[in-house]
Amino acid sequence: FAVEDAKVVKLDEKQYERLRQGRRYGVYEVSYAVFPQKAGTLTIPAQRFSAVKNASRSLFSSSGGQRVRMATEARTLEVLPPPPSIAVDQWLPLSNLSLTQSWGQQQPEFRVGEPITRTIQIQATGIEISELPPLTQADVTGLRIYPEQPAAEQRVTESGIEVVRTERFGLVPSVAGE
């Protein structure tokens, strides 16, 4: 489905049966992630569903039977703007964020001319990989930095979209000292 002023990503689609109060029901479940693109009123339109109910009472069979049509109600949400103290280009609304680093050695020893690998991993929930900003490396006098191509992974879980980006850097000291 489409929503004006929002990006919609289909996450999952399931079909199963559920027994309730002695009756068997067919369940068709679709999950979406909705990313509002601006503050204000956001209306998620009604979702319509059509199926054929046959003699076996399954909504998922296409052979004969009675057509069943259903719809959800439209939903209106109020999307808040970023806090005024944060620049829009620095606003990253998500539900979970972690940043970890590791080194090529347990206790790295830096020696002039010898490379050490630094790995930084960013994990986030509630954002697409394309929206995760790149890492920036500070210039350090006496240290050459060689970035490798980042590795990125995006997966769908029950809690939504999860992303992991791993960046590796070769660090080579060019002078002795701190």
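The values are calculated or read from the model by the stated rules, or taken from the named source; none is laboratory data. Since we're looking at a predicted model, the values are computed, not measured. As a convention, Cβ positions derive from the backbone with ideal geometry for all residues, glycine included, and neighbour counts pool all protein chains shown.
Considering 9, 3, 30, which residue is under 23 Å from residue 162 (Cβ atoms), part of a loop (DSSP other than H, G, I, E, B) and either at pLDDT 90 or above or not small (Gly, Ala, Ser) (or both)? Show your work before the answer.
Details: 9 fails: part of a loop (DSSP other than H, G, I, E, B); 30 fails: part of a loop (DSSP other than H, G, I, E, B).
Result: 3 is the single residue among 9, 3, 30 that is under 23 Å from residue 162 (Cβ atoms), part of a loop (DSSP other than H, G, I, E, B) and either at pLDDT 90 or above or not small (Gly, Ala, Ser) (or both).
Filter segment 67-101 down to residues that are modelled with pLDDT under 90, within 17 Å of residue 34 (Cα to Cα) and aliphatic (A, V, I, L, M), then give me how many there are.
2
Among the residues of segment 148-176, how many are more than 24 Å from residue 33 (Cα to Cα) and exposed (fewer than 12 other Cβ atoms within 10 Å of the Cβ)? First the steps, then the outcome.
Going residue by residue through segment 148-176, those that are more than 24 Å from residue 33 (Cα to Cα) are 148-150, 167-176.
Those still in the list that are exposed (fewer than 12 other Cβ atoms within 10 Å of the Cβ) too: 149, 174-176.
Count: 4.
Taking the options 7, 14, name whichever one is farther than 17 Å from residue 53 by Cβ, in contact with an Asp or Glu (Cβ under 9 Å, 6 or more places away or on another chain) and surrounded by 13 or more Cβ atoms within 10 Å (Cβ to Cβ).
Working: 14 fails: surrounded by 13 or more Cβ atoms within 10 Å (Cβ to Cβ).
After ruling out the rest, the residue left standing is 7.
Within segment 128-141, how many residues turn out to be under 16 Å from residue 169 (Cβ atoms) and touching a strand residue (DSSP E or B) at 6+ places or on another chain (Cβ under 6 Å)?
Our first condition is that a residue be under 16 Å from residue 169 (Cβ atoms); within segment 128-141, this holds for 134-140.
With touching a strand residue (DSSP E or B) at 6+ places or on another chain (Cβ under 6 Å) added as a condition, the list becomes 135, 137.
The number of residues fulfilling the criteria is 2.
Only one of these is in contact with a strand residue (DSSP E or B) (Cβ under 8 Å, 6 or more places away or on another chain), surrounded by 13 or more Cβ atoms within 10 Å (Cβ to Cβ), at pLDDT 85 or above and outside any loop (DSSP other than H, G, I, E, B): 19, 42. Name it.
42
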